[in-house]
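Undergrad: What follows is a structure written as structure tokens; I'll ask about it next.
The values are calculated or read from the model by the stated rules, or taken from the named source; none is laboratory data. This is a predicted model, so every value here is computed, not measured. Because the Cβ atoms are built from the backbone with ideal geometry, glycine has one as well, and the counts that use them run over all protein chains shown. SASA here: full protein model, heavy atoms, side chains in, ligands and nucleic acids out. Shrake-Rupley method; radii C 1.70, N 1.55, O 1.52, S 1.80 Å.
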Amino acid sequence: MDTVRDLVSKKAAVIFTKSTCCMCHSIKALFYELGASPAVHELDQDANGREMEYALRRLGNPSVPAVFIGGKYIGSAKDIISLHLDGSLKDKLIRACWNVRSKL
């Protein structure tokens, strides 16, 4: 759990994914199209991936992608797509980016 908390606190946007997940690929592509540079952690390719996956499940997220913006859990693919469609995803990313920069 500490590893996940530490990772999500270091970047404005963090996405936990699996390399074989098509929805994970789509969410990563969306972030890149919006100009974001999220930290991406492929759980199936990380030495601590299984532990991180269990920690994410304890947070109430049983699936990937698990997206954090500004250190807060935002949701999975369905939640991110909804935020994008209502126009608030980009605003959240911009605010989180400014908050991270102001801490530097």
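Undergrad: Which far-off residues, 5 or more places away or on another chain, put their amide H under 5 Å from the one on Ala13, with H placed in the peptide plane?
TA: Residues meeting the criterion, in which the H sits 1.01 Å from N, are Ala39, Gly70.
Undergrad: Probe of 1.4 angstrom, ligands and nucleic acids ignored: what's the accessible area per residue over the chain, in square angstrom?
TA: Averaged over the residues of the chain, the accessible area is 60 Å².
Undergrad: By DSSP, what percent of the beta bridges with both residues in the chain are antiparallel, rounded to the nearest 5?
TA: Counting only bridges with both partners in the chain, antiparallel ones make up about 65 percent.
Undergrad: Which one, Ala96, Gly60, Val40, is farthest towards the positive end of the dipole of the range 11-104 when Lys and Arg carry +1 and Asp and Glu -1 on their Cβ?
TA: Value: Ala96.
Undergrad: Measure off, as a whole percent, the carbon and sulfur share of the 1.4 Å-probe accessible area of the chain, all protein chains present.
TA: Roughly 52 percent, rounded to a whole number.
Undergrad: Which value in nm describes the separation of the simple spin-label points at Arg5 and Arg57, placed 7 Å from the Cα toward the beta carbon?
TA: Distance between the two pseudo-spin positions: 2.1 nm.
Undergrad: Efficiency by 1/(1 + (r/R0)^6): what FRET value for Ser82 and Ser37, r their Cβ-Cβ distance, R0 = 25 Å, to the nearest 0.05?
TA: Here the calculated transfer efficiency is 0.65.
Undergrad: Using the alpha carbon gyration tensor of the range 1-44, what are the three equivalent-ellipsoid semi-axes (square root of 5 times each eigenvalue), largest first, in whole Å?
TA: Semi-axes, largest first: 18, 15, 5 Å.
Undergrad: Next question, about the same structure. On the Cα set of the chain, report Rg and Dmax in Å, please.
TA: Both quantities, over Cα of the chain: 12.8, 37 Å.
Undergrad: Using the Cα centre of the range 1-59 as the reference point, and only Cβ charges (+1 on K/R, -1 on D/E), how large is the resulting charge dipole? Debye, rounded to the nearest 20.
TA: It comes to approximately 140 debye.
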